[in-house]
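Visitor: Questions regarding the structure given below will be posed in turn.
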Amino acid sequence: MIAAATIKDRVKPLWSPPEKVYAEEWIPNNVKTPEGSEYEGYCSYKLAPHTREVFRAFDDDNIREIYLIWATRSAKTTTMTGLMMHAAVNRPKPMAFGSCDEPSTNRTVEEMIYPMIENCAATAGLVPPEGKRPSDTIPFDRCRIRKAYGGSPGTVAGYPACYLFGNEWDKWPHRKSSGEAQPANSFKQRAKGYPYESKAIYESTPGHIETSRIWKLRNAKRTQRREYYVPCPHCLHHQTLIFEQLSWEGKGDSDADEILAAETAVYLCEDCGKPIQNEDRAEMMRAGRWVAEGQTIDRKGRIHGKPTVQSAYICFGPFSTLYSLLISGWDQIVAEWLACGDDQDKIRDFYNSTLALPWDPAPEEADPSELARILRSDLDHVGICPAWSRFITRAVDVQAKSAGFEFPWQVCAWGDGGRGATVDKGTAFGFQELGGVLNRRDYPHVDKGPNLFVPFDLIDSGDGNTTDDIYNFCRNRPFCFPLKGASTHMPKNYSLSEIDNQLRKEQSESKERRLLRGEVLLVLVNTMRSQFWLQRILDGRMNPEAINRFTIADQLADDEDFLEELLNEYPEIDYGPDGFYTKGWKRRTRNPNDQRDLIRYNWAAAQIITNNGQEWFTLPERPKSNEEVRKPRRKKKPKNSLLHGGGRQWPGRNR
């Protein structure tokens, strides 16, 4: 009996699982950074307090994926390497480590991972010596880590891995060929064989907001988002750190002294407004807490409420360099920002690498009230041509809806030097109602003299789904022409083209003359020139008294929908690897921007009438009365045959 009891006591412990070793405790006691690192020594919570919660998430059996959106100098690679070492010693399973390309993977392995393994007593003897290490794996005694490259399909497929570590996740390539799987997706599939115990960590600074892979993971509905809140040393209010709260001498001044700015940099508490000095940063960061979306934190650091999303997918970040205790302080961030100047490449890198934010080329959305201030004119009235106006134009946009066509339209007045204003606007529903709108060809002038007449109408035909309908409408309506935007290579503000190949024929007269005679031609608008012209006005970069300014009446200045449409587009600059860039225009939202386009289309019509803008300063004098209009004209051909209608009244006057 005694012998049996002894055997049972000896065998029973072999049936029990080994005591779990937690990454939260093991890593700071075992993992050291290699010589030459930004800091040398054990991975300390004093220097990287924000890593503790990440280690806890790795220890949590219910969590499958962890996303780290961390800036540079925030210990993200050290954190990932420490978890690899912990798993190799205490939870040995097949693993995979990958980066965007082969050089990046090899550089991280050779310069970071192997040195840290060799610098740790618990792992130094588990890997082969330097001359005997395979090129495709990091072999440990009881497991191995496969090396993967985003640019090599063979390294991201064909093997199982319980733990995945994706480095610089946003820099992994996007394959354009639909026949090939995305490397990042193939890498994630390696964990399918471990549905209940797999772990995946993806870390990266974010890239472009529309293509950022890590930012899309953060914003997925299934992801629980956590941000790092730190207390103000003055009022104990907990807050996330944002760049806008940094303050320095000369902030906002383009000629600010960079040395003085860095020396005077402080952080202003969002609650009490008091300055937080560099010497307060360390304790402030160490007292920080990761707070999930849906939760709140009080002044004692107690977290209240439940996360909005209970999930196995956790995102930590964005976590900017403002939190980092591996930098000198606020001064370093201010110096980096001022060094960017107007260089868009440097500004983009500052947002991505220092602030851990995706690059959004859209400028901050302008306030409609500010736009109203820029464009408002007390002298303009809806439906009446201004005193300075000499001629008017009309343009129509097209929206194909499920219930039929909608046609937003706008009338603009023009005067000496290119001055313009919106006179009237509206929307027609269906072709029949549009015909009724276009039948009205004249608008009264504020001087009570002769009305101004619309010489011709332009209708947008750029949407491929409506082009044929618009062409047919224009063929059956005199002095109504289809229009569409054209490439940036156009040498002029507009050009004219036949709408049918069979109509291409030799003509002794110009296309402008043919258009004024009523022949149906396609008007091509120089998109880039018209956009830049309008954007300069909307940005307020034109003197309010400039001769070529554009204005709107009080009624339109109070129309928020109208103003929102004018603001619903912005210029995008995309820098390529060779330093060159292309410009384009993008909508801020899916809401309409028709009224913005209509101003550009009216500008194109004005360019046609003024001979591509060359005759803005030779417009004929405004007749003072209807009697003066009826006087017989001289037979001498006027200088501008387009503007004068070849000796006739304004184009469209006698129709």
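The values are calculated or read from the model by the stated rules, or taken from the named source; none is laboratory data. These figures come from a predicted structure and were not determined experimentally. Backbone-built Cβ (ideal geometry, glycine too); neighbour counts: all protein chains shown.
Visitor: Just to check your reading of the model, which residue among Ala262, Ala312, Ala339 is in contact (Cβ under 8 Å) with a residue 60 or more places away in the chain and either in contact with a Pro (Cβ under 9 Å, 6 or more places away or on another chain) or crowded, with 18+ Cβ neighbours inside 10 Å (or both)?
Guide: Matching residue, one of Ala262, Ala312, Ala339: Ala262.
Visitor: Just to check your reading of the model, which residue among Arg133, Arg142, Arg146 is farther than 20 Å from Arg218 by Cβ, in contact with a Leu (Cβ under 9 Å, 6 or more places away or on another chain) and among the basic types (Lys, Arg)?
Guide: After applying the criteria, what remains is Arg142.
Visitor: For residues that are in a helix (DSSP H, G or I) and farther than 17 Å from Asn611 by Cα, scanning just region 498-524, find the one that is modelled with the highest pLDDT.
Guide: Of everything passing the filter in region 498-524, Asn501 is modelled with the highest pLDDT.
Visitor: Could you please tell me which pairs satisfy a Cβ distance under 9 Å, a separation of 6+ or placement on different chains, a first residue in region 524-548 that is surrounded by fewer than 14 Cβ atoms within 10 Å (Cβ to Cβ), and a second residue that is of a type in the set (S, T, N, Q) and part of a helix (DSSP H, G or I)?
Guide: Final answer for the pair search is Arg541/Gln535.
Visitor: Do we find that Lys492 is on the phi > 0 side of the Ramachandran plot, in the same structural domain as Asn611 (by TED's automatic domain parsing) and either of a type in the set (Lys, Arg) or not in a loop (DSSP other than H, G, I, E, B) (or both) in this structure?
Guide: no
Visitor: Hey, another quick one. Pick out the one residue from Tyr471, Tyr443 that is within 20 Å of Ile599 (Cβ to Cβ) and either surrounded by 15 or more Cβ atoms within 10 Å (Cβ to Cβ) or within 40 Å of the chain's Cα centre (by Cα) (or both).
Guide: Answer to the check: Tyr443.
Visitor: Here's a follow-up. What residue, of Thr79, Thr105, is in contact with a helix residue (DSSP H, G or I) (Cβ under 9 Å, 6 or more places away or on another chain), of a type outside the set (Phe, Trp, Tyr), touching a residue at least 40 places away in the same chain (Cβ under 8 Å) and more than 30 Å from Gly329 (Cβ to Cβ)?
Guide: Answer to the check: Thr105.
Visitor: Assess whether Ala256 counts as being closer than 25 Å to Asp349 by Cβ and part of a loop (DSSP other than H, G, I, E, B).
Guide: So Ala256 fits the description; yes.
Visitor: Moving on to the next point. What do you reckon, is Tyr228 over 22 Å from the mean Cα position of the chain (by Cα) and part of a loop (DSSP other than H, G, I, E, B)?
Guide: No: the conditions fail for Tyr228.
Visitor: Hey, Val89 hits all of (1) of a type in the set (Val, Ile, Thr); (2) under 38 Å from the mean Cα position of the chain (by Cα); (3) closer than 23 Å to Ala191 by Cα but one; which does it fall short on?
Guide: Condition not satisfied by Val89: (2).
Visitor: Within region 441-474, which residues are assigned to a helix (DSSP H, G or I) and of a type outside the set (Ser, Thr, Tyr)?
Guide: If the condition is that a residue be assigned to a helix (DSSP H, G or I) and of a type outside the set (Ser, Thr, Tyr), then Asp468, Asp469, Ile470, Asn472, Phe473, Cys474 are the ones that fit.
Visitor: Looking at Asp561, Asp578, can you tell me which residue is out of contact with any Ser or Thr (no Cβ under 9 Å at 6 or more places or on another chain) and modelled with pLDDT of 90 or more?
Guide: The unique qualifying residue is Asp561.
Visitor: Now a separate question. State whether the residues of region 27-50 include one that is surrounded by fewer than 23 Cβ atoms within 10 Å (Cβ to Cβ), part of a helix (DSSP H, G or I), among the small types (Gly, Ala, Ser) and in contact with a strand residue (DSSP E or B) (Cβ under 8 Å, 6 or more places away or on another chain).
Guide: No, region 27-50 contains no residue that is surrounded by fewer than 23 Cβ atoms within 10 Å (Cβ to Cβ), part of a helix (DSSP H, G or I), among the small types (Gly, Ala, Ser) and in contact with a strand residue (DSSP E or B) (Cβ under 8 Å, 6 or more places away or on another chain).
Visitor: Please name all residue pairs, on different chains or six or more residues apart, with Cβ atoms under 7 Å, provided the first residue is in region 236-255 and is within 13 Å of Val266 (Cβ to Cβ) and without any contact (Cβ under 8 Å) to a residue 24 or more places away in the chain and the second residue is part of a helix (DSSP H, G or I) and small (Gly, Ala, Ser).
Guide: Correct list of pairs: Glu249/Ala261.
Visitor: Something else now. Considering only region 525-538, I want to know if a residue exists there that is more than 20 Å from Ile599 (Cβ to Cβ), at pLDDT 75 or above and outside any loop (DSSP other than H, G, I, E, B).
Guide: The answer is no, given that none of the residues of region 525-538 is more than 20 Å from Ile599 (Cβ to Cβ), at pLDDT 75 or above and outside any loop (DSSP other than H, G, I, E, B).
Visitor: Tell me yes or no: at least one residue of region 427-440 is among the acidic types (Asp, Glu), in the same structural domain as Asp561 (by TED's automatic domain parsing) and assigned to a strand (DSSP E or B).
Guide: Looking through region 427-440, none of the residues is among the acidic types (Asp, Glu), in the same structural domain as Asp561 (by TED's automatic domain parsing) and assigned to a strand (DSSP E or B).
Visitor: Taking the condition free of Cβ contacts under 8 Å to residues at least 60 places away in the same chain and within 28 Å of Pro361 (Cα to Cα), does Lys221 pass?
Guide: Taking the combined requirement at face value, the residue does not satisfy it.
Visitor: Same structure, new question: In the list Gly288, Gly329, which residue meets the criterion of being under 26 Å from Lys251 (Cβ atoms), touching a strand residue (DSSP E or B) at 6+ places or on another chain (Cβ under 6 Å) and among the small types (Gly, Ala, Ser)?
Guide: After applying the criteria, what remains is Gly288.
Visitor: Moving on to the next point. Determine whether Gly404 is modelled with pLDDT under 90, out of contact with any helix residue (DSSP H, G or I) (no Cβ under 8 Å at 6 or more places or on another chain) and within 17 Å of Ser530 (Cβ to Cβ).
Guide: no
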